1. Taking MET131 as the residue in question, decide whether it is in contact with a His (Cβ under 9 Å, 6 or more places away or on another chain), closer than 30 Å to MET254 by Cα, part of a helix (DSSP H, G or I) and among the aliphatic types (A, V, I, L, M).
2. Name the one entry in ALA266, ALA248, ALA203 that is in contact with a Ser or Thr (Cβ under 9 Å, 6 or more places away or on another chain), surrounded by fewer than 20 Cβ atoms within 10 Å (Cβ to Cβ) and at pLDDT below 75.
3. Have a look at LEU101, LEU125, LEU92, LEU114 and point out the one that is closer than 20 Å to SER174 by Cα and either under 18 Å from the mean Cα position of the chain (by Cα) or not assigned by the TED database to the domain that holds LEU265 (or both).
4. What is the residue count in segment 249-281 for residues that are under 30 Å from LEU152 (Cβ atoms) and assigned to a helix (DSSP H, G or I)?
5. Do we find that LEU366 is in a helix (DSSP H, G or I) and open to solvent by 60 Å² or more (accessible area, probe 1.4 Å) in this structure?
6. Search segment 136-152 for residues that are in the same structural domain as PRO271 (by the TED database) and over 14 Å from MET249 (Cα atoms) and pair each with any residue that is of a type in the set (Lys, Arg) and open to solvent by less than 50 Å² (accessible area, probe 1.4 Å) when their beta-carbon atoms are under 7 Å apart and the residues are at least 6 apart or on different chains.
7. Within segment 107-137, how many residues are open to solvent by less than 30 Å² (accessible area, probe 1.4 Å) and not hydroxyl-bearing (Ser, Thr, Tyr)?
8. In the same structural domain as ALA165 (by the TED database), within 21 Å of VAL206 (Cα to Cα) and within 21 Å of the chain's Cα centre (by Cα): does that describe LEU63?
Amino acid sequence: MTQRHALPRYLFGAAAARTGDEMSGPALLLLGVAATGTATTGSTLLAAVTATAAVGGPAVGVLLDRALRPGRVLATVLAVYAAGLAAVALLLDRLPLAPVLALALGIGLLGPALSGGWTAQLPRLLPPARMTRANAWDAMTFSSASLIGPALAGAVAITAGATAAVVASVALVSLTIPVAWSLPARPARPEPAPVLGELAAGARAVLGNRALLRATVVTTVSIAGTGVLVVSLPVLGQNLLGGPERGAMLLSVMAVSALSANLVLARHPLPVRPDTVVLVCVLLQVAGVAGVFLAPSAPWLILAATVVGTAEGPQLTSLFAVRHREAPERLRTQVFTTAASLKVSAFAAGAALAGPLADFSLPLCLAAAAALQLCAALVHAAVRSTSSPSPAHGSGADR
């Protein structure tokens, strides 16, 4: 992969993989409903394919960190993930639900490779001076995937059926396999070490580094608050926008805002430490969720959702910058995949908490979302960082 085309090829691979991943959840949800006629089957499939991420993240990270050519290992993981999704679609109406759910749980173990597994490869593609903008572009693949993936799953399911939606998700993930295969090798094979020792070293890398620990805990708590907010949106839509499905469209507003903010950052990197940007973005999310809570009408609600989304994009970009700056090279992938799996689990926990809260009291649910964002800001203030910023990652030196 030549350096001139390295970033565009990487971004294509990361965006396609993440869009396929974002498609897979709604597609499996729709497939479960179509195959059995009950929403329970669909929601159970969706839960199964995300529930094991917290376990799989560290293990996938160790696997990639121990490889001389991590891109080829990543390509193999992507191929297995795509084959697993296809098998679920094929077997759902041919086998009892239990073995299909077991297969979905197995697929979920590999999910962090589609997020952190890609991002950890960036420093081997580009010189340090280009990493600030590359982080912004990489974060945009998450925003675009969250915008396009669910909409594409719904469109394909409407026109060709739920099975076709899963097939489209499989196709997108499969497209990225050659790109992953071509990612560069390490200069030398890492020294072999026991797997349990590597897992412990990865945990120590996060827990023992104040900057990494702070960024990880802050963004994990913050995304739990986002999970609470997302569940409340259909009810807000019913109250202020004329229907629950219109409330769900606020997710698109948030995704577009995040994407737009990162487009600006890609052209004009901020001349401040990424650690500071993480805090500012969390405070903006506190304000945005409070705005959602207090919104008296549809325009104010849309404005508040825009503020939340605008903060989410730069927060993710800055989080990547902190991880790239602080993660030891031999543990880089494990740091990324472990953190990604924690965020997936935190989002799921927030969403699970929000269901009963929203049924009981929408204001209480939104207050919980704001409280979690405020807790994230307090964590940032409580955990002092002792790291020094890298010029390439913290000051926009690549302009």
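The values are calculated or read from the model by the stated rules, or taken from the named source; none is laboratory data. Quantities reported herein were computed from a predicted structural model and do not represent experimental measurements. Positions of Cβ are generated from backbone atoms using ideal geometry, with glycine treated the same way; all protein chains shown enter the neighbour counts. To get the accessible areas, we keep the full protein, side chains included, count just its heavy atoms, and leave off ligands, DNA and RNA. Shrake-Rupley method; radii C 1.70, N 1.55, O 1.52, S 1.80 Å.
1. Yes: the conditions hold for MET131.
2. Every option except ALA203 fails the conditions.
3. Values: LEU101 fails: closer than 20 Å to SER174 by Cα; LEU125 fails: closer than 20 Å to SER174 by Cα; LEU92 fails: closer than 20 Å to SER174 by Cα.
Exactly one residue qualifies, and that residue is LEU114.
4. Initially, segment 249-281 is screened for residues under 30 Å from LEU152 (Cβ atoms), giving 249-267, 281.
Checking the rest, the ones that are also assigned to a helix (DSSP H, G or I) come to 250-267, 281.
Final tally of qualifying residues: 19.
5. Spelling it out, it is not the case that LEU366 is in a helix (DSSP H, G or I) and open to solvent by 60 Å² or more (accessible area, probe 1.4 Å).
6. From residues that are in the same structural domain as PRO271 (by the TED database) and over 14 Å from MET249 (Cα atoms), there are no pairs.
7. Residues that pass the stated criteria total 18.
8. Criteria met by LEU63.
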